[in-house]
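What follows is a set of notes on a single structure, which appears directly below.
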Amino acid sequence: MHKHHSALGLVSTLRPVQPVTLVRPHAAARAARFFVEKFPGRPMYAVKANPSPELLQILWDNGVTHYDTASIGEVRLVKSTLPDAVCCFMHPIKAEEAIAEAYFDHGVRTFSLDSMEELAKIVRGTRGATDLTLCVRLRVSSEYAKLSLGSKFGVAPDEAKELLMATRQVADALGICFHVGSQTMSPDAYVGAMERVRAAIVEAAVTVDVIDVGGGFPSRYPGMNPPPLERYFETIHRAFESLPISYSAELWAEPGRALCAEYASVVVRVEHRRGSELFINDGAYGTLFDAAHIGWKYPVQLLREPESDARDMDFAFWGPTCDDIDYMKGPFPLPADTRGGDYFEIGMLGAYGSAMRTQFNGFGSDLTVVAGDEPMFSVYREDEADDRVATGNVVKL
Ligand SMILES: *Cc1c(COP(=O)(O)O)cnc(C)c1O
């Protein structure tokens, strides 16, 4: 991999024709250390947010030993990259063959489930193993999340009792897990979910060994300025301490976005300008899936020397493919004199950005360069991040 001090340095020396992913190992390392040191339990990385082997290695090197995997492909990837890592198979609906391979070939002992049917699959797939940690996934509200995960998975409150009692019969350790939705903007999201957990435990009258609060920890994006992560941790810890569970019960979390959002950004080139629309060389089928499909906003900064002194105006982007869907409405503020041939950087694409890239229509590139500068926003550098966001300006590199 090439190494550059900054995004601007990369553009002046390489003049890349394809979009370039800039990765910042120091930012991922900082996020990992923060969770390992400050989360009052065990943070497991949710691999789907960004499955890059380089990132997995950085997280491992900085103390993340457990990985939340949702498919047998992710289990294989983690075990081939980090042979000593512990994988937990946390998709509540799995193929029986995937359960068997995970258990017998990769040493997976922790599985999640949200139905009696899945419990039977786990029992068959592991041939009645007696060393399982089984986490029953409860359905909880996604009201505080920017991205709902509230309707697909999770056992409904009126069916939780039966499933918890049946799982307790099979499991060596019984867990309860949930997901409050991604990018939750208030720690209160976890308070409501923990109340659900309490009600389920009381009703089923079972001994619970693990509480897994899932993902949902926020990062920073334009217009989304969540409270400090420590507030989430304190809130979760308080709720955990007050649950009717055994003294030795463990607290787990499955952060995805928060561990990797700051890890990567993308440098793109403007191929054409039409009024307030910029035609760029990355888009909905590349790293900008969420910008196109759910209108997610990412920070942008023009990479030009000498710097433009034009005022910012709002732009929308067209991606490179021939599809009308390949459109990112933003708005994305860039200097009003932005034109064809200019490069700019789109920040905070480490989570659910590079992971979504395809080669559709012959576009897409996996050119990756290591940068030593700071990500555009950060939840881990309170001092600087706060005034960057507060003024709405992105600080130039
Ligand atoms: C997607 C997912 C995560 C990660 O969620 P973030 O909001 O990125 O932290 C964690 N656990 C499960 C089960 C998931 O599906």
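The values are calculated or read from the model by the stated rules, or taken from the named source; none is laboratory data. All of these numbers come straight from a predicted model, not from anything done at the bench. Virtual Cβ from ideal backbone geometry, glycine too; neighbours counted across all protein chains shown.
Overview of values
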| item | result |
| --- | --- |
| Residues within region 86-102 that are within 15 Å of the ligand (Cβ to nearest atom) and more than 19 Å from His66 (Cα to Cα), tallied | 2 |
| Region 234-268, subset out of contact with any helix residue (DSSP H, G or I) (no Cβ under 9 Å at 6 or more places or on another chain) and part of a strand (DSSP E or B), residue surrounded by the most Cβ atoms within 10 Å (Cβ to Cβ) | Val268 |
| Ala200 being within 16 Å of the ligand (Cβ to nearest atom), in a helix (DSSP H, G or I) and surrounded by 16 or more Cβ atoms within 10 Å (Cβ to Cβ) | no |
| Subset of region 132-149 [at pLDDT 90 or above, within 15 Å of the ligand (Cβ to nearest atom) and either outside the structural domain of Ala204 (by TED's automatic domain parsing) or in a loop (DSSP other than H, G, I, E, B) (or both)] | Arg139, Val140 |
| Exclusive hit being over 25 Å from Met90 (Cβ atoms), modelled with pLDDT of 95 or more and in contact with a Phe, Trp or Tyr (Cβ under 9 Å, 6 or more places away or on another chain), set Gly283, Gly216 | Gly283 |
| Lys152 in contact with a helix residue (DSSP H, G or I) (Cβ under 6 Å, 6 or more places away or on another chain) and either part of a helix (DSSP H, G or I) or not acidic (Asp, Glu) (or both) | no |
| Any hit, region 210-225, residues being farther than 26 Å from Gly330 by Cα, part of a helix (DSSP H, G or I) and touching a residue at least 40 places away in the same chain (Cβ under 8 Å) | no |
| The listed residue being aliphatic (A, V, I, L, M) and in a helix (DSSP H, G or I), out of Leu22, Leu56 | Leu56 |
| Neighbours by Cβ (under 6 Å, 6+ apart or cross-chain): first from region 339-356, modelled with pLDDT under 95; second assigned to a strand (DSSP E or B) and polar (S, T, N, Q) | Ser354/Thr21 |
| From Pro92, Pro83, Pro16, Pro40, residue being closer than 29 Å to Pro320 by Cα and either assigned to a loop (DSSP other than H, G, I, E, B) or of a type in the set (Gly, Ala, Ser) (or both) | Pro16 |
| Selection from region 128-147 of residues that are touching a helix residue (DSSP H, G or I) at 6+ places or on another chain (Cβ under 8 Å) and among the charged types (D, E, K, R) | Arg139, Glu143 |
| Hits in region 71-94 - residues which are buried (at least 19 other Cβ atoms within 10 Å of the Cβ), of a type in the set (A, V, I, L, M, F, W, C) and within 26 Å of Leu138 (Cβ to Cβ) | Ile72, Val75, Val78, Cys87, Cys88, Phe89, Met90 |
| Scan of region 243-271 for residues that are in contact (Cβ under 8 Å) with a residue 12 or more places away in the chain, farther than 22 Å from Thr358 by Cβ and more than 16 Å from the ligand (Cβ to nearest atom), ordered by number | Leu243, Pro244, Ile245, Ser246, Ser248, Ala249, Glu250 |
| Residue match in region 153-167 (condition: more than 13 Å from the ligand (Cβ to nearest atom) and either within 22 Å of Val86 (Cα to Cα) or of a type in the set (Ser, Thr, Tyr) (or both)) | yes |
| Residue within region 177-187 that is more than 16 Å from the ligand (Cβ to nearest atom) and either at pLDDT 95 or above or not in a loop (DSSP other than H, G, I, E, B) (or both) present | no |
